[in-house]
Amino acid sequence: MTWKRAALLRPALERLLEGTDAAARVRGDPVELPHRYSDPRDVEVAALLSSALAYGRVDLFKPRLSALLDRLGPSPAATASDSSPAELLERASGFAYRMTDARDVACLLYGAGAMLRAHGSLGASFAKHYRNSVSIKTALGAFVDELCAADFRPITGRRAPTRRLKHLLPHPGRGSACKRLNLFLRWMVRGPDGVDFGLWREVPVSELVVPLDTHVHRIGRFIGLTRRKDLSWRTAEEVTRRLRSLDPADPVRYDFALSHLGISGTCAARKDARRCAGCALKPICRFWT
Ligand code: SF4
């Protein structure tokens, strides 16, 4: 990105950040759910579930997630690590959201429980993979492999992870943008700032990859963060590279604000004099420049 372009982008994105009421937006975001907990292990497990199941419409999946967490009791981490597969199925029973059902949730908890027993925390597992990896992408791939390494026969009748579990835990090595896994990482690594938790200190914030959802991708195209049309890991890396040139220490600091500009319906996604009038990104949006 040219110096001139960066000089235009940075103040516009800063204005967007300043104008975003993060506390209000958190109430409409899945990150609100792990904020229920104070023990870092419970935050991690609630965050893993909340990010993995954050697909589709937030007003549809969030109430189901909230009820699921209620069924896991006061400590989701203790439930994940100390329960048998049958007990996990019982806890998850009744959960249904689009292509995900109780068995998928039980598998996710079973994998997380095995990780907790082996490492003490999900963060300790990720840190080990990060130390042994050349990039955050390979560390994330190893983390997913470990979550999916359990023998799932007591839950699904099959040893290997089902396609539906793989949908919840896509592997970055297969080219997916892995939006929900990068969201989980953003929550765990950045902050604490009232949105993200800042629990995983061994992973540098500067290495994070933007959780590329449809909103960040679309608005990113409007303001020149990418021209790529696919929601892929390569596109997420390109957007991140351009954001990193604005803030090398914290390339995903604008992600929450960008995403909620789209989620809230504030962005017109076209030239709309009335709706674009108050948008902080108007000076850099391709519809107006
Ligand atoms: S100027 Fe309009 S179209 Fe462009 S990002 Fe803002 S709201 Fe969206």
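Please verify whether region 124-133 includes one or more residues that are within 30 Å of Glu238 (Cα to Cα), of a type in the set (Ser, Thr, Tyr), in a loop (DSSP other than H, G, I, E, B) and out of contact with any Phe, Trp or Tyr (no Cβ under 6 Å at 6 or more places or on another chain). There is at least one residue in region 124-133 that is within 30 Å of Glu238 (Cα to Cα), of a type in the set (Ser, Thr, Tyr), in a loop (DSSP other than H, G, I, E, B) and out of contact with any Phe, Trp or Tyr (no Cβ under 6 Å at 6 or more places or on another chain). The number of residues in region 236-269 that are modelled with pLDDT under 95 and basic (Lys, Arg) comes to 0.
Taken over region 181-236, the criterion of being within 16 Å of the ligand (Cβ to nearest atom) and of a type in the set (Phe, Trp, Tyr) is satisfied by Phe222 alone.
With a cut-off of at least 3 residues that are in contact with a Lys or Arg (Cβ under 9 Å, 6 or more places away or on another chain) and closer than 24 Å to Val144 by Cα, name the helices (runs of 4 or more DSSP H) lying wholly within region 1-66.
On the way: elements: 3-19, 22-26, 40-52.
Counting at least 3 such residues, we get 40-52.
Applying the condition of being near the ligand (Cβ under 8 Å from one of its atoms) and in contact (Cβ under 8 Å) with a residue 24 or more places away in the chain to region 263-276 and asking which residue is nearest to Val195 (Cα to Cα) yields Cys267. Screening Cys279 with (1) within 6 Å of the ligand (Cβ to nearest atom); (2) of a type outside the set (Val, Ile, Thr); (3) part of a helix (DSSP H, G or I) gives one miss only, at (3). Count of region 79-105 residues, restricted to those that are in contact (Cβ under 8 Å) with a residue 40 or more places away in the chain, surrounded by fewer than 20 Cβ atoms within 10 Å (Cβ to Cβ), assigned to a helix (DSSP H, G or I) and under 23 Å from the mean Cα position of the chain (by Cα), is 0.
The values are calculated or read from the model by the stated rules, or taken from the named source; none is laboratory data. Bear in mind that the values here come from a model prediction, so they are computed numbers and not experimental data. In this analysis, Cβ positions are derived from the backbone assuming ideal geometry, glycine residues included, and neighbour counts consider all displayed protein chains.
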